[in-house]
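Worksheet: one structure, shown below.
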Amino acid sequence: MDLYGRRREQAALDRMLDGARQGDGATLVLWGDPGIGKTALLEYVAESADADFTVLRCGGTRLESGLTFAALHELLWPVADRISTLPEPQANALNGALGTSNDMADRFLIGVAVLTLVGELAKERPVLIVADDAQWLDEPSAQCLAFVARRLRNEPVVMLLTGHDDPGEGPWEKLAALEIRELGDQDARLLARAVAPQADESAIRRTVRAAAGNPLALQELTTSVAAGDISLHPFADEQIAVGPRLRRAFRARIEKLSPPARTALLLAAADDRSDRNTLCQAGDVLGLDTVAWDEALHSGLLTKRSDGRIRFRHQLMEAVVYEEAPPANRQAVHHALAAVLTGENADELRPWHLAAAWEAVGRPDEEVARLLEESAHRSWARGGCATAARALRRAAKLSPSTDDAVRRLAHGARAAWEAGHVDVARGMLERAEGFSSEATVADLSAGLRGLIEFAHGDLETACRQLTRDMERVADPGQAFRLGSMALRAAWAASHGALQREALQRLERRLPQGNFPNGELMPLLRQWWAEDQADGADDRDQVVAPVGDVLTRLSGSSWLLMPPAPLAVAWGIESALQEALLRETDTLRHTDQVTALTQALAQTVALDIVQGSWTSAKANALEGLQVAEGTGDDHLAAQCRAGLGWLAAARGDEQTVAEFAARFIEVWVPRGVLVFSAGAEWNLGMSALFAGRAEEALDRLVRLSEPGHHAANATIAVLAAPDTAEAALQAGQRATAEEQARLLRRWAERTDAAWAVSATHLVHALLESGTEAEKHFRLALDVPGAQSRPFNHARTRLLYGEWLRRAGRRTDARTQLAEAAETFRRLDAAPLLARTRAEQGLTGQHLRRDSAPARDTILTAQELRVARLAAQGLTNREIGAQLLISPRTVGHHLANVFPKLGIVSRADLARIDFGDGLQLIG
């Protein structure tokens, strides 16, 4: 295909195809003004790839931008028979998305299914995926393609998309992009001359100036000027914007047609995805004959595709035809199309045509609104939340009854929220509240305003809103969920008074436990009450039911459980971890990606305190990957908090500082003080381990300083041993004594083994002589204390240091050796170095640690792949879990085998993937 002035772009696209032929994937977004030649470049690539690629194509259109998975349906239609070969959960999800079954699945599972399908196709021959006019793709399809695009590096797949705007934001951000610019004057002149070889030089020169290098403008203006449809001033000195000129050119061409031909064009503009048969049937309703259609088809504005569909040569032509038509004509063609639509998408498209018909003349219609609402719920069930929100917003606009409009707006806001469109959801709630009371809207939207505020606004405001809505919603189960979220918001905002009030109002709202998850109410009283007097006396009421209750929770019910730091503070991590492990095993086999990520984020802190740091890092990285993909910044922050703590314990001060700066910048303005408290704890711990006690103390005392952005009671308790040690090293004994009292009160309230042990440890540091040793021994001997290996090893280190200073070198060596072994296993470099130095002071001769060979170190992703493969999962099943393609799984395993010195998957079952295995990345 000959393209004028596009040699650079053609060469870049040729390199991408050649790379795919060699096994390397690539994605590129071509963007630029309408008519600049993006589609022509796609046609060039498709033609170049036709012989040896599987080519999958789709395009966005104005009408189908509101039809759930319309673009994905078009893309996969040629290979629909291959869907049945996918793993069953993926096949079910994809069939549900495409409307061929009633299965429901989250959008990431749909993305995994498409990624797997494309990977299977790529085993046979390279694949080219082309999506034209991506700005008009329906949102679920766009999100799916964006998901796949970010995971194609190791696949022989090329994905090309076109759009009008710089893809710096939205679903295509961070993808490689190439701006298609204007043609130079020489190439523009060659194109104009090729289009109109009989035009005189003056017309060519004036057209080139006016078109400003836009190929579509050059073609249309050259033809129009040569035909005398429009004239360009021969002495114009400036290039004129393409838009108005092209509109004039198209309008002039349209006005030359007969009224019946213009109606035929309007039919095509109203639904440019229908085949000629459907359009002709609609034309029959409107009284059009073959003469009208022949005139429209020969106007030069339409093209007929090989699949029988009639489309405009450019969307700008379509827009001019539609926008210039009288409202009554638009209403007539939409009614005609709705009357004749057949096929699998008819039930989805018909309500939109009817809506457009009534909106053209500004009239409400309940029947159309009802059809739109039904369509919205079908889209919602298939994962098309954004489509559902648009349909419900339109249904509300067409609703004659205010009550119906309010209900549709409230439900639409919920759909927009689930699609990640926060501003749209807020706007729909505001419109609903303009028609009805806040209480009614809160009930209809299931307390959505408070949930939005919790995730994206100020936490104190969120707590108050959630508490109010808890009292407004009729469903007691939903009231319980909102009340639990209110408590979590107050805790995260470090607002004790608000937390007390929320708990009291929740207990008044739900005095009885006969509602879903009502058995958790006594536990909530324990977890969230601020002191012993407010809660029950028997701690066994907290520990015993946790595992049993958690096995019955899923989805949003996870939010009923205490946040991980609070669970750690209560010492219930073992029960919580056991239940979470059961749940994650189940979720991995059902491919519920979002729920799995929520569970993984919860396990990070639990893994850390139990000494499973390799697992903690792997889970945090896996959770972070999905959280960033979904835009769930709270979930991502939880994962980063765990990574920051590990970085502090391992001496990576740069990572600690980077994470902390990000937390403080992002979360302090939103009042999420638990995150900024965690950041300050990590900074303080990092400074303490590096020997900067005064700096550490300056940061750690902020955790209990009223009004400070890092103040949080739970984090202050967890960090109390660090604060006490820093205080004593800095000569601030009174501060250490305060920390001892804080720990003792918490230990008395919870009887948590770690708190009892930490209380003894701080007393040991404060005492001297036999009293100090007694507390050291008590700290080490607390039943359950060893379940937190890092804490236990720190106690041994401090005891060993005390013994060495007391001249008891042999006893010191015993304690220090145990501590060193734990620090070595955990890769806690700063404390390992401190322990080694202390061992040297005892006169112990140490054998130098040998660094692990490079080829025995696994990256975090390699570790995850290896663990799942060791469990017997296939590459496709592993890919589904980790949101990567089966080919990428094979790539990772090819790296794992030589690193571990094995040759087959069977050997993986004999590998211990505990924390003794080194992990990088």
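Every number in this text was worked out from the coordinates using simple rules, so none of it is lab data. Everything numeric here is computed off the predicted structure, so don't read it as measured data. Note: ideal-geometry Cβ built from the backbone for every residue, glycine included; neighbour counts use all protein chains shown.
Only the Cβ atoms of Lys and Arg (+1) and of Asp and Glu (-1) were treated as charged; on that basis the dipole of the chain about its Cα centre amounts to roughly 1420 debye. Spin-label model, ARG251 to GLU665: label points 7 Å out along the Cα-to-beta-carbon direction sit 4.8 nm apart. Extension gain for the segment ARG153 to ALA870, taken as residue separation times 0.36 nm less the Cα-Cα distance, is 255.6 nm to one decimal. Across the options GLY362, THR278, SER258, the greatest Cα extent toward the positive end of the charge dipole of the stretch 257-363 (unit charges at beta carbon of Lys, Arg, Asp, Glu) belongs to SER258. The order of LYS899, LYS174, LYS774, LYS38, going from fewest to most other C-beta atoms within 10 Å of their C-beta, is LYS174, LYS774, LYS899, LYS38.
A protection proxy built from the mean count of other Cβ atoms within 10 Å ranks the segments 262-269, 729-736, 69-76, most packed first, as 262-269, 69-76, 729-736.
Modelled spin labels at GLU367 and SER401, positioned 7 Å past Cα toward Cβ, are 1.7 nm from each other. When the charge dipole of the chain is built from unit charges on Cβ atoms (+1 for Lys and Arg, -1 for Asp and Glu) and taken about the Cα centre, the candidate among TRP645, ALA325, MET428 whose Cα reaches farthest toward its positive end is TRP645. Counting only Cβ charges, +1 for Lys and Arg and -1 for Asp and Glu, the dipole size of the stretch 7-179 around its Cα centre is about 380 debye. Between the helical axis of 276-286 and the longest alpha-carbon principal axis of the chain there is an angle of about 70 degrees. The peptide list 661-670, 865-874, 25-34, put in order of mean Cβ contacts within 10 Å with the highest first, becomes 25-34, 865-874, 661-670. Here the chain carries DSSP beta bridges of which approximately 15% are antiparallel, counting only pairs with both residues inside. A full extension of the chain between THR100 and ALA328 corresponds to an added length of 78.5 nm, given 0.36 nm per residue minus the alpha carbon distance. Quick one, which of [x] 83, 77, 61; [y] 108, 62, 56; [z] 118, 82, 51 is the actual Cα extents along the principal axes in Å calculated for this model? Read-out from the structure maps to [y]. Note down the net charge around GLU573, summing +1 for each Lys or Arg and -1 for each Asp or Glu among other residues with Cβ under 11 Å from its Cβ. Value of the local net charge: -1. Relative to the current alpha-carbon distance between ASP165 and SER202, full extension at 0.36 nm per residue lengthens the span by 9.9 nm. In a reduced charge model with +1 at each Lys and Arg Cβ and -1 at each Asp and Glu Cβ, the stretch 364-436 shows a dipole moment near 260 debye about its Cα centre.
Modelled spin labels at ARG305 and ALA894, positioned 7 Å past Cα toward Cβ, are 3.6 nm from each other. Taking other C-beta atoms within 10 Å as the exposure proxy, TYR322, TYR799 rank TYR322, TYR799 from fewest upward.
Compared with the dominant principal axis of the Cα atoms in the chain, helix 385-397 is inclined by about 60°. In terms of packing, defined here as the mean over residues of other Cβ atoms within 10 angstrom, the peptides 783-790, 47-54 line up highest first as 783-790, 47-54. Counted by neighbouring Cβ atoms within 10 Å, the residues THR814, THR835 run from fewest to most as THR814, THR835.
Measuring between their Cα centroids, the stretch 450-482 and the stretch 492-517 lie 11 Å from each other.
Across the options TRP172, GLN219, ALA71, the greatest Cα extent toward the positive end of the charge dipole of the chain (unit charges at beta carbon of Lys, Arg, Asp, Glu) belongs to TRP172. With everything on Cα atoms, drop me the angle between helix 653-667 and the longest principal axis of the chain, reported from 0 to 90° to the nearest 10. Roughly 60 degrees, rounded to the nearest 10.
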